[in-house]
């Protein structure tokens, strides 16, 4: 049986190409024909149902929970009993559990495997998968996922994979924004970004953005790998899941407001790295690693 991949954007396309490179039989589908043509060596399917009939394991790399639910319904109508659907997207844990129940009722399995690493991670096999689902279907899926990344964690049942992914996003989003907010404050007061970063790294109040990302802030207008509108969607999922659990997320809510504002101001399709422009606009300063750039 082939491995199916539905959704061939920045992540799904890279995953499909690596599956082909490993000698797998791969069948793909995307609403954009050129995206299918870009996966050389894979069989292009005209619709979701064709993938479902051909594959024992099908990976979904889709943008929103609503799209995932729609595609899953079409997939379940054609997939053989016992087939496994793997959702790679960042999704609502509640939605994942509800979808899992629907697929179980039709004789199918759902495994969630949200990931981190972005387009470069997909291309370079540096993804980290956070997997949720029952042991048997997860065991069938792991040989597909493990060659595609640098780490795969089976967290537990459905919903827990996305809980872990939302936790990762919560920390990534908030530390990135508070770093930019603080650097804007420092710059406006007259402290250069490099000097502020040197002090933060030495004093210990650091994080992944200050340690590994801040030196790239001069680059603008990069090709979109992770759109700000998707970040805003994920921030909404964090807040909603926290509310569902009774675990308030006031900091996440504040960052959601920032991201929603960026989308409202026309930056939704821009890459995540353009968040620096939002901090600049709010503070009325220019944030530069190299002031002469």
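Of the residues in region 172-180, at least one is part of a helix (DSSP H, G or I) and within 15 Å of the chain's Cα centre (by Cα).
Rundown of residues vs (1) surrounded by 14 or more Cβ atoms within 10 Å (Cβ to Cβ); (2) at pLDDT below 95; (3) in a helix (DSSP H, G or I); (4) under 17 Å from the mean Cα position of the chain (by Cα), yes/no style:
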| residue | (1), (2), (3), (4) |
| --- | --- |
| 165 | yes, no, yes, yes |
| 182 | yes, no, yes, no |
| 206 | yes, yes, no, no |
| 222 | no, yes, no, no |
| 229 | yes, no, yes, yes |
| 238 | yes, no, yes, yes |
| 242 | yes, no, yes, no |
| 256 | yes, no, yes, yes |
| 260 | yes, no, yes, no |
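Pairing each residue of region 242-262 that is farther than 16 Å from residue 164 by Cβ with any residue that is assigned to a loop (DSSP other than H, G, I, E, B), provided the two are 6+ apart or on different chains, yields C-beta distances under 9 Å for 243/249; 256/249; 262/268; 262/270.
Report whether or not residue 267 is without any contact (Cβ under 8 Å) to a residue 24 or more places away in the chain, assigned by TED's automatic domain parsing to the domain that holds residue 167 and either closer than 25 Å to residue 163 by Cβ or buried (at least 16 other Cβ atoms within 10 Å of the Cβ) (or both).
Taking the combined requirement at face value, the residue does not satisfy it.
Among residues that are in contact (Cβ under 8 Å) with a residue 12 or more places away in the chain, assigned to a loop (DSSP other than H, G, I, E, B) and on the phi < 0 side of the Ramachandran plot, residue 158 is included.
The values are calculated or read from the model by the stated rules, or taken from the named source; none is laboratory data. All values reported here derive from a predicted model rather than from experimental measurement. So basically every Cβ, Gly included, is an ideal-geometry build from the backbone, and we count neighbours across all protein chains shown.
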